Amino acid sequence: MKDIPDAPAKSQISFGKFQNLDMRVARVIAAPLAEGTRSPSRILTLDLGHLGQRVSVGQYALIPEAELVGKHVVACINLGPREIGPYISDALVLGALNPLSPTDQAQAVPITIDNSVVPGSAIF
């Protein structure tokens, strides 16, 4: 479901529940277009430093691969695997709705972190 700018706030959760999320800094090392997904997507290969590599499939197709590669993004790495078309996504790159997104899609802009932060660093 596409998020809209005037969507109401979600209900509160405890700080303990928030602490269960494992969000990390990840460096994008590849971002080719994904084929066979419902909406145009990219397969982001993420370098998480000492935690190894993960794959995130998401609606970042409006951003050229060359602009994504090398960026440090925020990724949640403990949500479990998710099937997206023929791919398995084992991380979720956090983002916000791209203002150029078609109305039937949820194309996103990733949340980025300064490139001086080491991949694998915890987000808190």
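Values quoted throughout were computed directly from the atomic coordinates according to the rules given, and no laboratory measurement underlies them. This one's a predicted model, so the numbers in the text were calculated from it and none came from an experiment. Cβ: placed from backbone, ideal geometry, glycine included. Neighbour counts: every protein chain shown.
Please identify the pairs in which a residue from the range 23-38 that is on the phi > 0 side of the Ramachandran plot has its Cβ atom under 6 Å from the Cβ atom of a residue that is part of a strand (DSSP E or B) and surrounded by fewer than 22 Cβ atoms within 10 Å (Cβ to Cβ), counting only partners at least 6 apart or on another chain.
none
Are any of the residues in the range 99-108 surrounded by fewer than 16 Cβ atoms within 10 Å (Cβ to Cβ), within 19 Å of K71 (Cβ to Cβ) and either of a type in the set (D, E) or in contact with a helix residue (DSSP H, G or I) (Cβ under 6 Å, 6 or more places away or on another chain) (or both)?
No, the range 99-108 has no match at all.
Among the residues of the range 20-42, how many are in contact with a Phe, Trp or Tyr (Cβ under 8 Å, 6 or more places away or on another chain) and buried (at least 20 other Cβ atoms within 10 Å of the Cβ)?
Looking only at that region, the number is 4.
Inspect the range 84-97 for any residue being touching a Ser or Thr at 6+ places or on another chain (Cβ under 7 Å), over 18 Å from P110 (Cβ atoms) and not aromatic (F, W, Y) and give the result as yes or no.
Yes, that holds for at least one residue.
Can you name every residue in the range 10-54 that is more than 23 Å from P102 (Cβ to Cβ) and among the hydroxyl-bearing types (S, T, Y)?
Across the range 10-54, the qualifying residues are S11, S14, T45.
For the range 77-93, name all the residues that are assigned to a loop (DSSP other than H, G, I, E, B), surrounded by 16 or more Cβ atoms within 10 Å (Cβ to Cβ) and not acidic (D, E).
I77, A91
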